[in-house]
Amino acid sequence: MCEHCGCRGVPPIAELMDEHYALLDDAHEVRRALGAGDRAGASRLMERLVAHLDVHVRREERGIFTAMRSQGEFVEEVQQLEGEHRSLDAAIGGLDPEDPGFDDVVSELFRELSEHIDRENLGIFPVSVVTLGASGWELVQQARDELPSFLPSLHD
């Protein structure tokens with residue numbers, strides 16, 4: 001993930017990126033459990049990932065995405081990213097740990113999640129830093145205040 005544009009210097013963006021790293025770490029733990037043949041453990045870890053993803057998506061959509069849309073900035077990209085959120089949610093909802101192809105389906109799901117995260121980190125987040133005005137950042141701050149991060153270190 002890119003760290004060169006300076007958008008990590010904006011606290012709301014840094015938090016969302018930190019959540020992205022944590023989601024990818026969660027995905028790695030699920031893969032590790034699956035690699036060890038521990039589907040029950042993978043299912044428990046997947047539940048944690050899904051809970052984290054739910055919080056994260058709500059923070060993005062109520063913050064950065066709402067602000068970008070309200071200012072008429074990159075609306076099509078925001079809509080595409082929100083569509084990917086819905087697709088990921090549907091794919092997760094359709095997972096069946098008893099399915100013989102479960103490991104492959106989860107692997108593909110995590111590949112899509114990683115690509116989605118890259119699109120946000122390398123696209124909409126840097127763009128938001130240079131395009132959002134004061135009213136946009138007020139919306140982002142309001143979402144931050146209303147929806148705390150799932151990362152304990154960001155609650156303080």
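The values are calculated or read from the model by the stated rules, or taken from the named source; none is laboratory data. Since this is a predicted model, take the numbers as computed values, not measurements. Neighbour counts are summed over all protein chains in view; Cβ atoms, including those assigned to glycine, are modelled from backbone coordinates with ideal geometry. Calculation scope for accessible area: heavy atoms of the full protein, side chains included, ligands and nucleic acids excluded. Shrake-Rupley method; radii C 1.70, N 1.55, O 1.52, S 1.80 Å.
Right, residue 125: at positive phi, of a type outside the set (Asp, Glu) and either open to solvent by 60 Å² or more (accessible area, probe 1.4 Å) or in contact (Cβ under 8 Å) with a residue 12 or more places away in the chain (or both) or not?
Working: at positive phi: no; of a type outside the set (Asp, Glu): yes; either open to solvent by 60 Å² or more (accessible area, probe 1.4 Å) or in contact (Cβ under 8 Å) with a residue 12 or more places away in the chain (or both): yes.
Against the criterion (at positive phi, of a type outside the set (Asp, Glu) and either open to solvent by 60 Å² or more (accessible area, probe 1.4 Å) or in contact (Cβ under 8 Å) with a residue 12 or more places away in the chain (or both)), residue 125 does not qualify.
Set side by side, the residues 130, 140 differ, and just one is open to solvent by 80 Å² or more (accessible area, probe 1.4 Å), in a helix (DSSP H, G or I) and out of contact with any Ser or Thr (no Cβ under 7 Å at 6 or more places or on another chain), which is 130. One residue stands out in region 62-72 among those that are assigned to a helix (DSSP H, G or I) and open to solvent by 30 Å² or more (accessible area, probe 1.4 Å): the one that is nearest to residue 142 (Cα to Cα), namely 62.
Name the pairs whose Cβ atoms lie under 7 Å apart, with the first residue in region 28-39 and free of Cβ contacts under 8 Å to residues at least 24 places away in the same chain, the second outside any loop (DSSP other than H, G, I, E, B), and 6 or more positions between them or separate chains? Listed by first residue and then by second, the contacts come to 29/45; 33/41; 33/42; 33/45. How many of the residues making up region 41-80 are without any contact (Cβ under 8 Å) to a residue 24 or more places away in the chain and among the small types (Gly, Ala, Ser)? So the answer is 2.
One residue stands out in region 1-24 among those that are modelled with pLDDT of 90 or more and charged (D, E, K, R): the one that is surrounded by the fewest Cβ atoms within 10 Å (Cβ to Cβ), namely 18.
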